[in-house]
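Visitor: Can you keep this structure in mind? I'll have questions shortly.
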Amino acid sequence: MNFSDHIDRSFDGQLSEEEWDALQQAVISDPELRRQYVEQRWLHALLESESGALTGRLSEPKERQTAVMKRPFVRLAAAAAVVLFGVSLILFSQSRPAPVVATLIQAENCRWAGSDLPTVEGAGLSAGTLSLAEGMATIRFNSGATVTLEAPSVLVVESAMKCRLVEGSVVADVPESAYGFTIDTARMEVIDLGTRFGVTTTPLGDSNVFVFEGEVKVNRDDLPEPKHVFAGKSLVSEAGATPQQTDQEVLRVDATAASPGPDWTAITTSTGRGGDIYVRRGDQHGPTGSHPLLMVKHTDLAPNNERRALLCFDLAGIDRASLRSAKLALKLEPSGLGFSSLVPDSRFAVYGLVDPDTAAWSEDDLTWKNAGALVEKPIQESTATRLAEFHVLKGSPNRLVEVSADAFVDFLRTHPGETVSLMIVRETGESDRQGLVHAFASKEHPSATAPTLWLQTNREN
Amino acid sequence: MEDPTPIPPPITVDPTEQYLLLLNEHERALAAYVHTLVPDRLDAEDILQSCKLTMWKQFANFEPGSHFIAWARKIAFHQILNLRRSARRKPLYSAEPAFLEAVAAEITRVSDGLSDRSEALHECLKRLPENQHRLLLLRYGEDHDIAAIAKETDRSTAAVYKLLSRLRAALNDCVRARLNSSTA
């Protein structure tokens, strides 16, 4: 007897009572038929229960499918429910807003652009797009997966188990409940197998995945079969199809600049004999004196990525004895390297170099190897004095950092010689070797302000 | 070594709001569940409404963090069994308890795949050829029976049934193909 025909006919009242009873008995006794019954019946049930939204589902353009679902569909039962539930619930069941699949649980220093989802902390998110221009936002999907979005990024929330990263970077933390959570990018699909991992992508699909813990499965168009990537490994699109160990932080994106300050005297690292440079322990390349960014990082996990920046200011012509206040302005720029969610709010220290020999470094030849006392740990007092510290909050926008301290003024007043040399050191480490590298604009930066020393002297007296 | 990014505690909301959020999230799955088990469409609608009311009354018993849809299904299943006893009118097909239990158990067994099925169906509906829209809307959007559709479209009931049956089969094939391709 063909019961699959029975199943379908029962949907349209085309079955006699006897046939219906026979079908019931067969479904009870035959597991395969039961499976088939539920498969077919579920589809019919979906069509019945979502009848109000049917027109919308058929005719809406594909991308915006979830956004508009109008057509109030008033039934007797729904009318009865007004009495029972009050207005709010009825609004729910009649207008059928897209279901909430995630919650925006944290938004640090965020500026949003062109998002079609709510962007306040605590907001429920349905399917839609989040576009983060500045800052860092954390989303918890209903599956339990947590995704931290770092600006600039565009993320499309699709369901409790899936999102699509259009561009930018995210770090995903996926508990067991969300095993199989998927992040899609233009060129690859990353499927979690119990883990914490980072994904970066450009809209064109230059996509990379970094696994911090556990394991992920990656489907990529150019790979015949899925690749498994394990903790500490990454799959970088330009590096081909083999997961590898990477110490080099992930390359991300680029952003723009800001403006200076009040009516003091400004001396930048491009003034006179000034200069700026950074040194990286593991660097194979030559001096970075002409690099547009001064990169700074502290890490105990990948020591070769330790970086320090050096600034030299030419104070010729400044009456240093009458110096009243001083501040150092640095423009924070995206380094394009590393994930900021792997680095907490960071503390930086500014050192003044006191040893004349060490302070006489040159942009043309300084590297970590020949930096001598400059890169010692801890830094000796005979080499440099710790003058000030400043903090850069996690996910903070690329702002101008201003540092001032009394010790600064004292140092500048008493320092012999016409040039002063300062060193910038990050004191906060990272929780994973793919942590963010901080960067400040150097004098070679095409648009952002070079490191600037603002000096106020007592001209009146 | 620094602490990894702290994960903030979940946002607390009041019970009503929490209930509405959960209901909103799972309403479709619950509706599909009830419609799958209850052959008569109007009965299914009634059960859904009374089920939502019961769930609200008993929401204090729901353990936050546990499976809302599983809890909702349990309540719905009781309502379905109750309806059978108190049926005011006799539906065309009434389901016996052993049948309901067998089907409910099967739904629970394949539960994980069902939401994928819903999503796949939505995709398939978007791809449905336009000449099939009218039939689908008459049958499911307007809840017309076959006889009414036959009259409206000037066809025999047998022909309408054939068309509908083919339409459902096509949708089912599409859903299956989508699911296969996404797991392949």
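Visitor: Do we have any residue at all in region A:319-340 that's assigned to a strand (DSSP E or B) and over 26 Å from A:Arg399 (Cα atoms)?
Guide: Step one: of region A:319-340, the residues assigned to a strand (DSSP E or B) are A:323-334, A:337, A:339.
Now restrict to residues that are over 26 Å from A:Arg399 (Cα atoms): A:323.
Yes: one or more hits.
Visitor: Now for a separate question. Looking only at region A:216-251, how many residues end up being out of contact with any helix residue (DSSP H, G or I) (no Cβ under 9 Å at 6 or more places or on another chain), at pLDDT 75 or above and not in a loop (DSSP other than H, G, I, E, B)?
Guide: 12
Visitor: Filter region A:185-215 down to residues that are over 26 Å from A:Pro152 (Cβ atoms) and modelled with pLDDT under 85, then give me how many there are.
Guide: Result for region A:185-215: 1.
Visitor: Any idea which of A:Gly336, A:Gly372 is without any contact (Cβ under 8 Å) to a residue 24 or more places away in the chain and more than 14 Å from chain B (Cβ to nearest Cβ)?
Guide: The match here is A:Gly372.
Visitor: Which one is farthest from the other protein chains (Cβ to nearest Cβ), of the residues in region A:291-333 that are touching a Ser or Thr at 6+ places or on another chain (Cβ under 7 Å) and basic (Lys, Arg)?
Guide: Filtering first and then ranking leaves A:Arg324.
Visitor: In region A:336-380, what residues are in contact with a strand residue (DSSP E or B) (Cβ under 7 Å, 6 or more places away or on another chain) and small (Gly, Ala, Ser)?
Guide: Restricting attention to region A:336-380, the residues satisfying the condition of being in contact with a strand residue (DSSP E or B) (Cβ under 7 Å, 6 or more places away or on another chain) are A:336-343, A:345-354, A:359, A:361, A:363, A:366-368, A:371, A:374-375, A:379.
Matches in region A:336-380: A:Gly336, A:Gly338, A:Ser340, A:Ser341, A:Ser346, A:Ala349, A:Gly352, A:Ala359, A:Ala371.
Visitor: Taking only pairs six or more apart or across chains, which ones have beta-carbon atoms under 9 Å, a first residue in region A:397-422 that is free of Cβ contacts under 8 Å to residues at least 12 places away in the same chain and assigned by TED's automatic domain parsing to the domain that holds A:Ala309, and a second residue that is in a strand (DSSP E or B) and not aliphatic (A, V, I, L, M)?
Guide: A:Asp406/A:Ser325
Visitor: Can I ask one more? Given the conditions (1) closer than 30 Å to A:Phe210 by Cβ; (2) away from chain B (no Cβ under 14 Å); (3) surrounded by fewer than 20 Cβ atoms within 10 Å (Cβ to Cβ), and given that A:Leu393 satisfies all but one, which numbered condition is not satisfied?
Guide: With (1) closer than 30 Å to A:Phe210 by Cβ; (2) away from chain B (no Cβ under 14 Å); (3) surrounded by fewer than 20 Cβ atoms within 10 Å (Cβ to Cβ) applied to A:Leu393, the lone miss is (2).
Visitor: Going by the conditions given, is A:Thr182 closer than 19 Å to A:Ala102 by Cβ, buried (at least 21 other Cβ atoms within 10 Å of the Cβ) and at pLDDT 90 or above?
Guide: Here the answer is yes, as A:Thr182 does meet what is asked.
Visitor: If you take just the helices (runs of 4 or more DSSP H) that sit entirely in region B:66-160, which of them hold at least 1 residues that are β-branched (Val, Ile, Thr) and touching a strand residue (DSSP E or B) at 6+ places or on another chain (Cβ under 9 Å)? Spell out how you get there, then give the answer.
Guide: On the way: elements: B:68-86, B:97-126, B:133-136, B:146-153.
Answer list for region B:66-160: none.
Visitor: Among the residues of region A:159-202, write down those that are assigned to a loop (DSSP other than H, G, I, E, B), closer than 21 Å to A:Ala113 by Cα and in contact (Cβ under 8 Å) with a residue 40 or more places away in the chain. Lay out the reasoning, then the answer.
Guide: Keep residues of region A:159-202 that are assigned to a loop (DSSP other than H, G, I, E, B), which gives A:160-161, A:175, A:179-181, A:185-187, A:202.
From the residues that got through so far, the ones that are closer than 21 Å to A:Ala113 by Cα too are A:185-186, A:202.
Answer for region A:159-202, where residues must be assigned to a loop (DSSP other than H, G, I, E, B), closer than 21 Å to A:Ala113 by Cα and in contact (Cβ under 8 Å) with a residue 40 or more places away in the chain: just A:Thr202.
Visitor: Output the number of residues of region B:55-84 satisfying the condition of being over 17 Å from B:Leu100 (Cβ atoms), within 13 Å of chain A (Cβ to nearest Cβ) and surrounded by 15 or more Cβ atoms within 10 Å (Cβ to Cβ).
Guide: Here the count works out to 5.
Visitor: Out of all the residues in region A:152-163, is one or more farther than 21 Å from B:Gly113 by Cβ, of a type in the set (Lys, Arg) and out of contact with any Cys (no Cβ under 7 Å at 6 or more places or on another chain)?
Guide: no
Visitor: Among the residues of region A:5-27, write down those that are buried (at least 17 other Cβ atoms within 10 Å of the Cβ) and assigned to a helix (DSSP H, G or I).
Guide: Answer for region A:5-27, where residues must be buried (at least 17 other Cβ atoms within 10 Å of the Cβ) and assigned to a helix (DSSP H, G or I): A:His6, A:Ile7, A:Asp8, A:Arg9, A:Ser10, A:Glu19, A:Trp20, A:Leu23, A:Gln24, A:Ala26, A:Val27.
Visitor: May I ask you to list the residues in region B:164-175 that are surrounded by fewer than 16 Cβ atoms within 10 Å (Cβ to Cβ) and more than 8 Å from chain A (Cβ to nearest Cβ)?
Guide: Initially, region B:164-175 is screened for residues surrounded by fewer than 16 Cβ atoms within 10 Å (Cβ to Cβ), giving B:166, B:169-170, B:173.
Across region B:164-175, the qualifying residues are B:Arg166, B:Ala170, B:Asp173.
For every residue, the table says whether it meets (1) modelled with pLDDT of 85 or more; (2) aliphatic (A, V, I, L, M); (3) assigned by TED's automatic domain parsing to the domain that holds A:Phe313; (4) over 35 Å from the mean Cα position of the chain (by Cα).
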{"residue": "A:Val350", "(1), (2), (3), (4)": "yes, yes, yes, no"}
{"residue": "A:Trp361", "(1), (2), (3), (4)": "yes, no, yes, yes"}
{"residue": "A:Glu376", "(1), (2), (3), (4)": "no, no, yes, no"}
{"residue": "A:Val392", "(1), (2), (3), (4)": "no, yes, yes, no"}
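Visitor: Could you grab me the full set of residues in region A:416-428 that are modelled with pLDDT of 85 or more and surrounded by fewer than 20 Cβ atoms within 10 Å (Cβ to Cβ)? Talk me through it step by step, then tell me what you get.
Guide: Of region A:416-428, the ones modelled with pLDDT of 85 or more are A:418-428.
Passing the criteria: A:Glu418, A:Thr419, A:Glu427, A:Thr428.
Visitor: Looking only at region B:136-159, filter to residues that are in contact (Cβ under 8 Å) with a residue 12 or more places away in the chain and buried (at least 19 other Cβ atoms within 10 Å of the Cβ); which one of those is nearest to B:Leu179 (Cα to Cα)?
Guide: B:Leu136
Visitor: Within region A:394-439, which residues are hydroxyl-bearing (Ser, Thr, Tyr) and either more than 32 Å from the chain's Cα centre (by Cα) or more than 23 Å from A:Ser169 (Cα to Cα) (or both)?
Guide: Across region A:394-439, the qualifying residues are A:Ser404, A:Thr414, A:Thr419, A:Ser421.
The values are calculated or read from the model by the stated rules, or taken from the named source; none is laboratory data. Remember, it's a predicted structure, so these values are computed and weren't measured experimentally. As a convention, Cβ positions derive from the backbone with ideal geometry for all residues, glycine included, and neighbour counts pool all protein chains shown.
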